[in-house]
Amino acid sequence: MSTKKLWGGRFTETGAKYVDDFGASINFDQLLAAEDIAGSLAHVKMLKKTGILPAADVDQIVAGLETLAERQKQGKLEFSTVNEDIHMNIESLLTEEIGPVAGKLHTARSRNDQVATDFHLYLKHQLPLILDRLHELETVLVDKASENVETVMPGYTHLQHAQPISYAHYLLAYYQMFKRDMERFEFNLKHTDISPLGAAALAGTTFPIDREYSAKLLGFSEVYHNSLDAVSDRDFVLEFLSNASILMMHLSRFCEEIVSWSSYEFKYISLSDQFSTGSSIMPQKKNPDMAELIRGKSGRVYGNLMGLLTVMKGIPLAYNKDLQEDKEGAFDTVTTVLTSLHVFTGMLAILTVNEDRMADATTNDFSNATELADYLANKGIPFREAHAIVGKLVLDGLKKQRPLQDIPLSEYQAISPLIQEDVYHDLDAKVAVERRHSLGGTGFDQIRKELQRAQAQLATYQSGTTD
């Protein structure tokens with residue numbers, strides 16, 4: 001491979017190797033090789049269509065690029081830091097393949113619009129994969145919720161028992177979060193599906209190019225309408241990193257509860273051995289390491305977002321070398337999100353729900369206190385007065401270790417003769433859940449409606465997976 005810089009005409013000195021190594025990006029942007037070749041093919045075909053290059057030259061360049069594309073698929077391309085980045089590596093390899101005519105490929109373009117095009121193509125290919133993984137997770141959530149409509153568990157605020165809820169209702173709360181994540185990534189596709197190709201370095205070009213044609217060849221639905229913006233915009237990457245951070249936050253919250261719910265103290269769920277690890281010293285341990293790892297990986301995704309935001313905040317128009325720092329964090333985030341979703345979905349699909357333990361946790365606590373307050377209010381006692389009455393009963397129950405449903409009717413009627421035998425029906429945890437018929441509530445009828453709605457939404461999803 002040539003050691004002469006492709007841009008070296010006006011230079012009389014060469015940098016030291018450590019300087020070249022510091023400035024080179026090929027160690028990570030080689031991940032864009034397929035996109036770079038695809039962009040070059042579209043560009044050179046456009047040069048043929050517009051008559052900017054002779055057909056014979058274009059045909060030779062196309063043949064050479066297609067050879068490189070096949071070698072790239074086979075993992076047989078070798079890159080060098082001497083050629084700095086993926087663009088100059090591909091051009092150098094093309095020159096070795098077809099000779100000096102390869103130098104005509106760069107007519108009417110710059111590495112500035114080239115790298116932006118590559119990055120748009122890369123995320124355009126990755127976002128459908130993430131959407132597919134999210135759809136798989138949503139499907140498992142809905143399936144799991146369908147199996148547990150009448151599984152009753154404590155609902156929490158401040159990590160204190162609040163009111164009994166359906167476990168399906170709990171799962172569907174996360175379904176809603178992941179549904180919003182999908183909507184954000186789908187919108188992200190809109191800003192990714194724009195072609196910078198043809199913006200050249202920053203000002204466009206004097207050649208009679210056809211940007212719409214090259215965009216069409218690459219599958220873009222739109223082109224940038226300002227060349228300065230085209231080469232300097234990384235909003236689409238920031239959107240991706242922001243969306244990924246919110247998604248990882250949702251996964252992390254879910255994992256936090258999985259870690260807690262699977263502990264000895266809760267025992268609400270049991271993780272499969274396939275998604276657990278042991279201790280090197282304590283034989284009894286079964287650690288929820290996969291959940292903990294996903295929870296921890298949220299930090300690296302947040303860091304990637306903050307890293308690029310910081311890079312971007314002081315960059316003047318148009319392109320600056322700082323933008324070389326836009327890729328590694330995005331590449332890492334794509335890998336982190338895809339693997340986290342895959343592992344989490346597998347873990348959730350086969351975890352065991354300990355229904356009896358969940359139900360027991362709602363019968364020996366005071367999470368039915370609101371039911372008693374509502375009961376008294378329905379009997380005509382002002383709610384604030386009812387709240388105070390129940391609060392005193394809870395305090396007495398805590399002292400005597402006696403839940404509200406175990407208080408004798410005679411003691412209730414000593415408080416108010418309005419309290420009748422039917423109070424015990426209302427204090428039953430399952431009844432308390434079932435009676436919450438309000439839209440979006442935890443009542444079994446409402447959950448079944450939401451499950452039907454979710455299933456209909458999932459059925460309309462069209463996979464965007466690309467090869």
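The values are calculated or read from the model by the stated rules, or taken from the named source; none is laboratory data. In this text, all values refer to a predicted model and were calculated from it rather than measured experimentally. Ideal geometry is used to build each Cβ from the backbone, glycine not excepted, and the neighbour counts take in all protein chains shown. Please note that ligands, DNA and RNA were not included when accessible areas were found on the heavy atoms of the full protein model with its side chains. Shrake-Rupley method; radii C 1.70, N 1.55, O 1.52, S 1.80 Å.
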Q: Considering only residues that are open to solvent by less than 40 Å² (accessible area, probe 1.4 Å) and touching a residue at least 40 places away in the same chain (Cβ under 8 Å), look in the stretch 279-311 and name the one that is farthest from Asp233 (Cα to Cα).
A: Ala291
Q) Looking at (1) within 15 Å of Gln114 (Cα to Cα); (2) in a helix (DSSP H, G or I), can you tell me which one Met177 breaks? A) (1)
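Conditions tested, residue by residue: (1) polar (S, T, N, Q); (2) in contact (Cβ under 8 Å) with a residue 24 or more places away in the chain; (3) surrounded by 11 or more Cβ atoms within 10 Å (Cβ to Cβ).
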position: Tyr375; (1), (2), (3): no, yes, yes
position: Asn378; (1), (2), (3): yes, no, yes
position: Phe383; (1), (2), (3): no, no, yes
position: Ile389; (1), (2), (3): no, yes, yes
position: Val394; (1), (2), (3): no, yes, yes
position: Pro417; (1), (2), (3): no, no, no
position: Lys430; (1), (2), (3): no, yes, yes
position: Gly440; (1), (2), (3): no, no, yes
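Among the helices (runs of 4 or more DSSP H) lying completely within the stretch 1-92, list those that include at least 3 residues that are open to solvent by less than 40 Å² (accessible area, probe 1.4 Å) and modelled with pLDDT of 95 or more. Lay out the reasoning, then the answer.
Working: elements: 17-23, 26-29, 33-49, 55-73.
Those helices (runs of 4 or more DSSP H) span 33-49, 55-73.
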**Q.** Residue list for the stretch 341-369, filter: open to solvent by less than 50 Å² (accessible area, probe 1.4 Å), polar (S, T, N, Q) and closer than 21 Å to Arg435 by Cα
**A.** Thr362, Ser367, Asn368
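Which residue out of Leu393, Leu398, Leu376 is farther than 30 Å from Ser260 by Cβ and either part of a helix (DSSP H, G or I) or touching a Lys or Arg at 6+ places or on another chain (Cβ under 9 Å) (or both)?
Answer to the selection: Leu376.
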Q: Output yes when any residue across the stretch 154-167 is crowded, with 21+ Cβ neighbours inside 10 Å, touching a Leu at 6+ places or on another chain (Cβ under 6 Å) and of a type outside the set (A, V, I, L, M), and no when none is.
A: no
Q: Kindly indicate whether Asp132 is part of a helix (DSSP H, G or I), open to solvent by less than 10 Å² (accessible area, probe 1.4 Å) and among the charged types (D, E, K, R).
A: no
Q: Taking the residues in the stretch 425-467 that are under 17 Å from Val149 (Cβ atoms) and of a type in the set (Ser, Thr, Tyr) as candidates, determine which candidate is modelled with the highest pLDDT.
A: Thr442
(Q) If I filter the stretch 190-236 down to residues being of a type in the set (Val, Ile, Thr) and not in a loop (DSSP other than H, G, I, E, B), which single residue comes out as farthest from Lys327 (Cα to Cα)? (A) Val223
Q) Among Ser270, Ser276, Ser298, which is the only one that is under 24 Å from Met347 (Cβ atoms), out of contact with any strand residue (DSSP E or B) (no Cβ under 8 Å at 6 or more places or on another chain) and among the polar types (S, T, N, Q)? A) Ser298
Q. With respect to the numbered conditions (1) of a type in the set (Lys, Arg); (2) exposed (fewer than 15 other Cβ atoms within 10 Å of the Cβ); (3) at pLDDT 95 or above, which one is the sole condition not fulfilled by Lys104?
A. (2)
